[in-house]
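Asks: The structure is given below, and queries will be raised subsequently.
Since every read-out is calculated from the coordinates, none of them should be taken as a lab result. Predicted model only: the values in this text are computed from it and were never measured. Here the Cβ positions follow ideal geometry from the backbone for every residue, glycine too, while neighbour counts run over all protein chains shown.
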Amino acid sequence: MIDLRRLVALAAVALLALSPGMAAASPAKSKATAAAPAAPAAPPFEPLPPPNVYLFRGAMGPIFSTGMDRLGEKLTQAGFSADVYEFTLCRFIGNRVIASYKEKAAPIVLIGHSMGGLCSIVISEMAAKESIPISLVIAIDPAHATGDVPLNVERFINIFLSDSVLGGGDVVAVPGFRGHYASYDLKENSRVSHINIEKSDDIHRQIVEMVTQLPRIPPQTQAGAVPLRYLVPADTLVELWDSGVRVPVRRGDTMESIAAANRVPLWTLAQSNSLAENAQLTPGQTIIVPRHLAPPEPAAAMATPAPPAGRR
């Protein structure tokens, strides 16, 4: 026979297990949907080794290109390997640049005045044949015979006097160049000549800043880099932007408001876009704005260029 008392006891135990108090003590149900796994974080950017800087004087360099020596001293004081050479040693030093890079890869910076500017392009061409990148080339009033900027140059800046007989090289890039490019014609500044253009303390300061920033800049796509070409107004100090970027015009924007928002002179927008400084803008159009790869120090003062020793 079935023991009714045993059945009643078992039922009571089952009811207690389903009571609110017992339910609260039971393990919580797992969520129906598990959270999606987070995407793996991009590996942190590892700064590059310090750049190796090679500077080249022009003809009669110990007399007329002494600014290269002063710039080399400033770069050395900033902790960089910076050597100054005569342009006559161009190909010999070019072979040394290539050999040094193959032994230990590090960013290459080439800076040249007059014939030294031509030499910087010659070495860039030599490196291109070895598939070696050149991080930065700065030509300072290079010779007219200076060749075009080759594709392996990542950043090129030309500071020149288009009316100069001793320099005046308006250097352009080869077709298909996608790097950063900026050209500055200082012919309207009466205080600047071929024999003092490489001596500007303000330009030296900005070059040291650029070389310092190079190893810290993550690789960037260069597809959006827009070349810059400026005729710098008289008595205007040069700010070394390295390329331009296209900025969309929003409702209410003006040339002046875009210049103020990007902290650039109004004349740069007018020249970059072939527009008047008071041109009417339409929402949706784009405006080319000069940019730095990394912002300059906000407190950096713009020094006045040294007076010319006599324009030539």
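Asks: Can you return the aspartates and glutamates within cross-link range of Lys102? Criterion is Cα-Cα under 15 Å, with same-chain partners fewer than 8 residues away left out.
Replies: Leaving aside aspartates and glutamates fewer than 8 places away in the same chain, those within reach of Lys102 are Glu130.
Asks: Using a cut-off of 17 Å between alpha-carbon atoms, which aspartates and glutamates can reach Lys199, once sequence neighbours fewer than 8 places away in the same chain are excluded?
Replies: Leaving aside aspartates and glutamates fewer than 8 places away in the same chain, those within reach of Lys199 are Asp69, Glu73, Asp83, Glu86, Asp141, Asp185, Glu209, Asp235, Glu239.
Asks: May I pose another question? If amide hydrogens are placed 1.01 Å from N in the peptide plane, which non-local residues have theirs closer than 5 Å to the one on Val153?
Replies: Those lying under 5 Å, H to H, from Val153 are Ile134.
Asks: Next question, about the same structure. Taking the Kirkwood radius as the inverse of the mean 1/r across Cα pairs, report the Rg/Rh of region 118-208.
Replies: That ratio is 0.98, to two decimals.
Asks: Would you mind pulling out the separation of the Cα centroids of region 142-185 and region 83-141, in Å?
Replies: With region 142-185 and region 83-141 each reduced to a Cα centre, they are spaced 15 Å.
Asks: Here is a follow-up. Within the set of other residues whose C-beta is less than 12 Å from the C-beta of Ile138, count the net charge using Lys and Arg as +1 and Asp and Glu as -1.
Replies: With Lys, Arg at +1 and Asp, Glu at -1, the neighbours total -2.
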